[in-house]
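The values are calculated or read from the model by the stated rules, or taken from the named source; none is laboratory data. Just so it is clear, the model here is predicted, and its values are computed rather than measured. Reconstructed Cβ throughout: ideal geometry from the backbone, glycine too, with neighbour counts over all protein chains shown. These area figures cover heavy atoms from the full protein model, side chains too; ligands, DNA and RNA do not enter into them. Shrake-Rupley method; radii C 1.70, N 1.55, O 1.52, S 1.80 Å.
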Amino acid sequence: MKVAVLGAGAIGAYVGAALHRAGADVHLVARGPHLAAMRRSGVQVISPRGDFTARAHATDDPAEIGPVDYVFLGLKANSYAACGPLIEPLLHDRTAVVAAQNGIPWWYFHGHGGPHDGRRLESVDPDGAVSAVLAPERAVGCVVYAATELAAPGVVRHLEGTRFSVGEPDRSVSARCVAFGDALRTGGLKCPVEPDLRSDIWIKLLGNISFNPISALVRATMRQMCLHGGTRRVIEIMMTETLAVAAALGCTPAISVERRLAGAERVGDHRTSTLQDLERGKPLELDVLLAAVVELADITGVEVPTLRTVHALSDLLAHGMRRDAA
């Protein structure tokens, strides 16, 4: 199995290291000091489950790698439309793209069935720019339940969780999903193949759609948002509205708002990825988290007034950051 990790940051390098440990032919695509450190010393993983080092090939030039069986996409979703020059050298006719993204993926309605089958969402695939680069037929969905961070260039600190759920858009249990899952499990991670990955997408999204934009607007940690009565109520309403949209699309995730909030409170004083991006002056990945669900509410006719309000506020914040960066 030949795998390229495109965007070998904290999550990508962690997955690449696990696959390398499982015996896969792994190639890590990165840049800057992180790339230099991986070239020099490999990926060093620090984990409560045991430290290890994986000396996989690392490069900033995908043409050095050539076509692979799997591309593990560790890029932010707002980078997908522009990744064509990086991903094209890695593709052959049957290359699968395992997209480890938060939020609603560009392939959501591919193989969905029903009245919306094949529909394109403008918020996540504007003018078809993402589909033009990442054909939905190549997509293998991936929902990440692991938390990692770059402790230093080339050093991944694993914080919690080892589950990477994968699944086909058409709900089949395909050979390519089974093979990828087997390799990750051999490398020490959990990788169930889910016939209905969309349920996992909505469960993960319940937290991302609420905590991420709110954290950026008020500069608060998970614990602070959960313990503040008014903010907690806003988050409850956002989650309830999100579940109503999912239900209108035929998806009823097996989790309650109360359970999701309790889990978030246990995380403690963690800063969401959106808050971290804000603090670092990076683009905010909110279209796939929030704008997409508002668009789905328009499609299904579900009333989501609180999601619309938070979307308007966070969208203004994101626009201001883009203007300041220009």
- Item | Looking only at the range 162-183, and only at residues there that are in a loop (DSSP other than H, G, I, E, B) and touching a Pro at 6+ places or on another chain (Cβ under 7 Å), the one that is surrounded by the fewest Cβ atoms within 10 Å (Cβ to Cβ) | Val173
- Any chance Ile255 is in contact (Cβ under 8 Å) with a residue 60 or more places away in the chain, open to solvent by 20 Å² or more (accessible area, probe 1.4 Å) and more than 21 Å from Leu121 (Cα to Cα): no
- Task: Determine, yes or no, whether Ala220 is farther than 28 Å from Glu194 by Cα and either out of contact with any Lys or Arg (no Cβ under 6 Å at 6 or more places or on another chain) or surrounded by 15 or more Cβ atoms within 10 Å (Cβ to Cβ) (or both).
- Result: yes
- All positions within the range 130-158 that are over 19 Å from Ala30 (Cβ atoms) and either loosely packed, with under 15 Cβ neighbours inside 10 Å or aromatic (Phe, Trp, Tyr) (or both): Ala132, Ala135, Glu137, Tyr145
- Item | Checklist (1) in a loop (DSSP other than H, G, I, E, B); (2) in contact (Cβ under 8 Å) with a residue 40 or more places away in the chain; (3) open to solvent by less than 70 Å² (accessible area, probe 1.4 Å) applied to Arg49, failing item | (3)
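Scan the range 196-226 residue by residue and report those that are acidic (Asp, Glu) and in contact with a Ser or Thr (Cβ under 9 Å, 6 or more places away or on another chain). Give the derivation first.
Taking the range 196-226 first, the residues acidic (Asp, Glu) are 196, 200.
Answer for the range 196-226, where residues must be acidic (Asp, Glu) and in contact with a Ser or Thr (Cβ under 9 Å, 6 or more places away or on another chain): just Asp200.
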- Message: If a residue must be farther than 21 Å from Leu75 by Cβ, in contact (Cβ under 8 Å) with a residue 12 or more places away in the chain and not acidic (Asp, Glu), how many such residues does the range 315-326 contain?
- Response: 1
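Any idea which residue in the range 117-161 is farthest from the chain's Cα centre (by Cα), counting only those that are assigned to a loop (DSSP other than H, G, I, E, B) and at pLDDT below 95? It would help to see each step written out before you state the result.
Taking the range 117-161 and keeping what is assigned to a loop (DSSP other than H, G, I, E, B), we get 117-125, 134-135, 145-146, 153-154, 161.
So of that shortlist, the ones also at pLDDT below 95 come out as 145-146, 161.
Working: Tyr145: 10, Ala146: 11, Gly161: 15 Å.
Only one residue tops the list, namely Gly161.
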- Message: I need a count of the residues in the range 207-222 that are under 12 Å from Asp269 (Cβ atoms), modelled with pLDDT under 95, of a type outside the set (A, V, I, L, M) and part of a helix (DSSP H, G or I).
- Response: 0
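Residue-by-condition table, conditions (1) among the hydrophobic types (A, V, I, L, M, F, W, C); (2) open to solvent by 20 Å² or more (accessible area, probe 1.4 Å); (3) within 21 Å of the chain's Cα centre (by Cα):
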{"residue": "Phe211", "(1), (2), (3)": "yes, no, yes"}
{"residue": "Arg232", "(1), (2), (3)": "no, yes, no"}
{"residue": "Ala248", "(1), (2), (3)": "yes, yes, no"}
{"residue": "Leu261", "(1), (2), (3)": "yes, no, yes"}
- Message: Looking only at the range 161-184, how many residues end up being touching a residue at least 40 places away in the same chain (Cβ under 8 Å) and among the charged types (D, E, K, R)?
- Response: 4
- Can you confirm whether the range 87-102 contains a residue that is at pLDDT 95 or above, assigned to a loop (DSSP other than H, G, I, E, B) and either of a type in the set (Gly, Ala, Ser) or crowded, with 20+ Cβ neighbours inside 10 Å (or both)? no
- Query: Only one of (1) surrounded by fewer than 21 Cβ atoms within 10 Å (Cβ to Cβ); (2) farther than 19 Å from Val130 by Cβ is not met by Arg322, so which one is it?
  - Reply: (2)
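Only one residue in Thr274, Thr242, Thr306 is more than 21 Å from the chain's Cα centre (by Cα), in a helix (DSSP H, G or I) and in contact (Cβ under 8 Å) with a residue 12 or more places away in the chain, so which one is that? So that I can check it myself, show each step before the final result.
Working: Thr274 fails: more than 21 Å from the chain's Cα centre (by Cα); Thr242 fails: more than 21 Å from the chain's Cα centre (by Cα).
Checking each option against the conditions leaves just Thr306.
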- Message: Quick check on the range 1-46: of everything there that is touching a Ser or Thr at 6+ places or on another chain (Cβ under 8 Å) and β-branched (Val, Ile, Thr), which residue is nearest to Ala175 (Cα to Cα)?
- Response: Ile11
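Here's the yes/no breakdown for (1) open to solvent by less than 30 Å² (accessible area, probe 1.4 Å); (2) part of a helix (DSSP H, G or I); (3) touching a Gly at 6+ places or on another chain (Cβ under 7 Å):
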{"site": "Gly12", "(1), (2), (3)": "yes, yes, yes"}
{"site": "Gly16", "(1), (2), (3)": "yes, yes, no"}
{"site": "Leu35", "(1), (2), (3)": "yes, yes, no"}
{"site": "Ala58", "(1), (2), (3)": "yes, no, no"}
{"site": "Ala81", "(1), (2), (3)": "no, yes, no"}
{"site": "Ile104", "(1), (2), (3)": "yes, no, no"}
- Look at Leu28 and say whether it is touching a residue at least 40 places away in the same chain (Cβ under 8 Å) and either in contact with a helix residue (DSSP H, G or I) (Cβ under 9 Å, 6 or more places away or on another chain) or open to solvent by 70 Å² or more (accessible area, probe 1.4 Å) (or both). no
